[in-house]
């Protein structure tokens with residue numbers, strides 16, 4: 001949303017464009033694995049529809065298959081939690097680390 005001074009405000013503070021998708025994934029948090037579905041992705045992170053007990057700031061690893069059929073594993077941290085799942089920001093966007 002843009003205010004009268006041309007500045008954006010509201011809850012959406014994303015720095016990259018999100019792309020909708022449906023990819024099965026496994027999320028690893030403190031040695032526990034959780035199944036989920038990546039609902040959207042960008043260069044810097046993803047939103048995973050999943051259930052479990054999570055906290056903002058937890059370090060995670062995410063394993064999934066890319067659209068090109070390549071196995072991916074990325075590390076990041078949980079930055080958003082809502083009733084549908086978690087938002088993960090990657091430590092090294094665009095790279096498998």
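The values are calculated or read from the model by the stated rules, or taken from the named source; none is laboratory data. Treat the numbers as computed from the prediction; the structure is a model and nothing was measured. Counting neighbours? That spans all protein chains shown, and the Cβs are built from the backbone with ideal geometry, glycine included.
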Task: Failed criterion for residue 72 (all others in (1) modelled with pLDDT of 95 or more; (2) surrounded by 12 or more Cβ atoms within 10 Å (Cβ to Cβ) hold) - done: (1)
Open item on the list: Here is a list: 43, 90. Which entry is in contact (Cβ under 8 Å) with a residue 40 or more places away in the chain, farther than 15 Å from residue 24 by Cβ and exposed (fewer than 14 other Cβ atoms within 10 Å of the Cβ)?
Closed with: 43
Task: Check on residue 52, touching a strand residue (DSSP E or B) at 6+ places or on another chain (Cβ under 7 Å) and either part of a loop (DSSP other than H, G, I, E, B) or over 18 Å from residue 18 (Cβ atoms) (or both) - done: yes
- [ ] Hey, can you tell me all the residues within the stretch 21-40 that are loosely packed, with under 15 Cβ neighbours inside 10 Å and closer than 14 Å to residue 78 by Cβ?
- [x] 30, 32
